[in-house]
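A short worksheet on the structure shown next.
The values are calculated or read from the model by the stated rules, or taken from the named source; none is laboratory data. What you see is a predicted model, and the numbers here were worked out from it, not measured in a lab. Cβ: placed from backbone, ideal geometry, glycine included. Neighbour counts: every protein chain shown.
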Amino acid sequence: MLDYRILSPKAWVSTFFGRGITPPWGIDAGHEGSCNYAEVIRAQGPTERFSRANRVELEKGDLLRLVTANGGGWGPAKARSLEAIQDDIKNDYISVEQARRYYPEQMSSA
């Protein structure tokens, strides 16, 4: 994820991300990954999220966030050991919140 704060009075962005609608699939019962997208967090107004856009106008103070997909998982989540999950958290591959969401059985004993 990359964030760009708009410092000039006006700017424009065009994006064309592949895998913006259908996420990467998991293998051997693994969980699907996430999609690529851009997000405009307006200083004044609503947040917009898109994978393809042409000449979106940005204003001073807006934040442009580019998020790249993560790949799908390999194997069933229930088969992952607590030790492996804790290593993933330690190495910043996933957050504690994500670990609780995707590995609830293992995390309940942590």
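Numerical summary
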read-out	value
Set 46, 23: member being assigned to a loop (DSSP other than H, G, I, E, B), outside the structural domain of residue 93 (by TED's automatic domain parsing), surrounded by 11 or more Cβ atoms within 10 Å (Cβ to Cβ) and not hydroxyl-bearing (Ser, Thr, Tyr)	23
Qualifying position, being closer than 23 Å to residue 74 by Cβ and either free of Cβ contacts under 8 Å to residues at least 24 places away in the same chain or aliphatic (A, V, I, L, M) (or both), among 29, 11	29
Matching residues in segment 18-41 - criterion: being farther than 20 Å from residue 61 by Cα and either acidic (Asp, Glu) or in contact with a Cys (Cβ under 8 Å, 6 or more places away or on another chain) (or both)	19, 20, 21, 22, 23, 28, 32
Output for segment 64-80, where each listed residue is under 16 Å from the mean Cα position of the chain (by Cα) and part of a strand (DSSP E or B)	64, 65, 66, 67
Which numbered condition residue 65 misses (of (1) surrounded by fewer than 16 Cβ atoms within 10 Å (Cβ to Cβ); (2) over 22 Å from residue 24 (Cβ atoms))	(2)
Residue satisfying all of: in segment 81-110; more than 16 Å from the chain's Cα centre (by Cα) and basic (Lys, Arg); surrounded by the most Cβ atoms within 10 Å (Cβ to Cβ) among these	100
From the options 62, 28, 3, 87, residue that is modelled with pLDDT of 95 or more, within 25 Å of residue 109 (Cα to Cα) and charged (D, E, K, R)	87
